[in-house]
Each structure stands twice: as structure tokens, then as C-alpha cells.
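Please read the structure below before turning to the comments.
FYI, it's all coordinate maths here, none of it is from the lab. Bear in mind that the values here come from a model prediction, so they are computed numbers and not experimental data. Because the Cβ atoms are built from the backbone with ideal geometry, glycine has one as well, and the counts that use them run over all protein chains shown.
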Amino acid sequence: MSSEPHGQPRCQLYLISPLDVGGNFPERLARALDVLKPDNPAAAFQFRVKDVDQHEAARLAEPLQAICAERNVAFIVNDSIALARRLGADGVHLGQGDGSAKEARELLGKDAQIGVTCHASKHLAMVAGEEGADYVAFGAFYPSSTKETEHRAEPELLEWWSKLFEIPCVAIGGITPDNCGLLVEAGADFLAVSGAVWNGDEEVAIRAFAERL
């Protein structure tokens, strides 16, 4: 998940899974990633499940990881360094209570993509950068139907970060094709999206995002 060098920004999508990834979800993911090939805007997919043990999580992840690998899309595990390691995932995304980027690097190796949730905090983002994170995530920018949002971030935060730091930033929280323009203009390298894609027709949603990006 490396962004284009500054000066040639091209914002991309970072898809986040719904909590239910069973049933026909693998087919939906493949459809979402196959729209507009080879110019699909999705660069990464985050596997996010709750309240299942690691064995079950690994079973659910397997077909999704294969779909991503076939399409050269980074497969990132949410919250769990242990699960990312077990799966040989491309990386891990850490919340503030999920361990440090430094610890993840030691366990997952130098090539792992490590991201850290930094809410609306410049301080947390700088700490993540110092600890070796590959990207920082700011948000929520808009109210989200996917996750309770305690922290609200403003587009100025993306602008500040992208002017000062080379590490890519991800905007998260309630992002849709209709409201993403401000975040792209402010300097987001990636838009993390979930409900805007999976709550309707994923192909239509990906096309709509691609038009805005």
C-alpha cells in the first residue's frame, strides 16, 4: 500500500469488510475488485471480524485472502497481530489498544504493511510514524453506520499531515462518493470505505468512487 509520490497524488480506495464475511461475500469482494480492471481504484482490503475465535477467523479469511492475492490487492488484518502472522497477511491495522507498530514490525517482518488508527490526533499520528507505521488513519470525518464514532476529524488534518510527512494517510468514517471530494482535495492518500460499498450494489459504488477519484 504505497501511495504515489507527493506531487502526483492519486487517491485510492481501502475497502473494509462488513462484519459478516460468510455466505456470498467472497463473490461480492471479487465483483468489487473486478470492476474497471485494470483501473480499479481499490488498493487494499481490510479483514475485520468481531467475536469469532482465531481458527474461525482464519477459515473465513482464506478465500478472501486468495481473491486479493490474485488481484494484487493488499490483504490487511484488523486489530490482531497474531492473526495477521498466522495468515501471512500483507499487513495489520492497529487500533490504539491493539499493540504498537514497533511490536507488529518485530513479529510480522520488514515487508508487512502496518497501519495505525490515530483518530483526530496529530500526536498519535506522529508517534505511529516514529514507531515505523506505513500509514496513519484519521477519522471519523462523517457519521458512520459501520462503527460508533467517538472522534471527529476535519479535512485540515489531512492537509497538515500530507504537507509535513511522507507516510500516507487514510481517511475513514462515513465516506461516500458524494462527500469524498473534500477529503481527496485535502490530501488523503486512501479513502477507507465499508458501508458505502457493501450496503448496496458494490459494482455501482466502486464505479461512483472511481469517477470522483
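Can you give me the Rg/Rh ratio for the stretch 1-88, using Cα atoms for both radii and the Kirkwood formula for Rh? Here the Rg-to-Rh quotient is 0.99. Peptides 169-179, 109-119 ranked from most to least packed by the mean count of surrounding Cβ atoms within 10 Å: 169-179, 109-119.
FRET efficiency for Glu106 and Leu213, Cβ-Cβ distance as r, R0 = 25 Å, nearest 0.05? The formula returns an efficiency of 0.10 here.
What net charge do the residues around Asp51 carry, taking every other residue with its C-beta under 14 Å from that of Asp51, with Lys and Arg at +1 and Asp and Glu at -1? Mind dumping the intermediate values first?
Values: positive: Arg48, Lys50; negative: Asp20, Asp53, Glu56, Asp79.
The answer is -2.
Here the extension length gained between Asp53 and Asp34 equals 3.8 nm, from 0.36 nm per residue of separation less the Cα-Cα distance.
Among Phe141, Phe45, Phe75, the residue with the largest mean-square fluctuation in a Gaussian network model of the chain, with springs joining Cα atoms closer than 10 Å, is Phe141.
In terms of other Cβ atoms within 10 Å, Glu159, Glu70, Glu150 run from fewest to most in the order Glu150, Glu70, Glu159. Glu148 sits among other residues whose Cβ lies under 15 Å from its own Cβ, and their net charge, with Lys and Arg +1 and Asp and Glu -1, is +3. If you take the Cα centroid of the stretch 10-73 and the Cα centroid of the stretch 142-213, the two points sit 18 Å apart. Taking only alpha carbon atoms, the stretch 125-213 gives an Rg to Rh ratio of 0.98, where Rh is the Kirkwood radius.
Across the stretch 108-119, computed HN-Hα scalar couplings (Karplus, 6.51 cos²θ - 1.76 cosθ + 1.60, θ = phi - 60°) run 9, x, 5, 8, 5, 8, 10, x, 9, 6, 10, 6 Hz from first to last residue, x flagging Gly and Pro. Charge tally around Ala101: other residues with Cβ under 11 Å, Lys/Arg +1 each, Asp/Glu -1 each, net -4.
Over the residues of the chain, the helix contribution to mean residue ellipticity at 222 nm works out to -11000 deg cm²/dmol, using -39500 (n - 2.57) for each DSSP H run of at least 4. The simple Förster model, with R0 at 22 Å and r as the Cβ-Cβ distance, assigns Asp178 and Glu203 a FRET efficiency of 0.80. Counted over the chain with a bin width of 10 Å, the fraction of Cα pairs per bin, in whole percents, is 9, 37, 40, 14, 0. Here Lys110 is the anchor, and the aspartates and glutamates within straight C-alpha reach of less than 13 Å, apart from those fewer than 8 places off in the same chain, are Asp90, Glu131, Asp134. With a 10 Å Cβ neighbour count serving as the proxy for reagent exposure, in which order, fewest first, do Asp39, Asp134 appear? Neighbour counts put them in this order, fewest first: Asp39, Asp134. Quick check on the stretch 12-212: of the DSSP beta bridges with both residues there, what percent are antiparallel, nearest 5%? That works out to approximately 0 percent antiparallel. Amide H contacts for His119 (H built 1.01 Å from N in the peptide plane; partners 5 or more residues away or on another chain; cut-off under 5 Å): Gly139.
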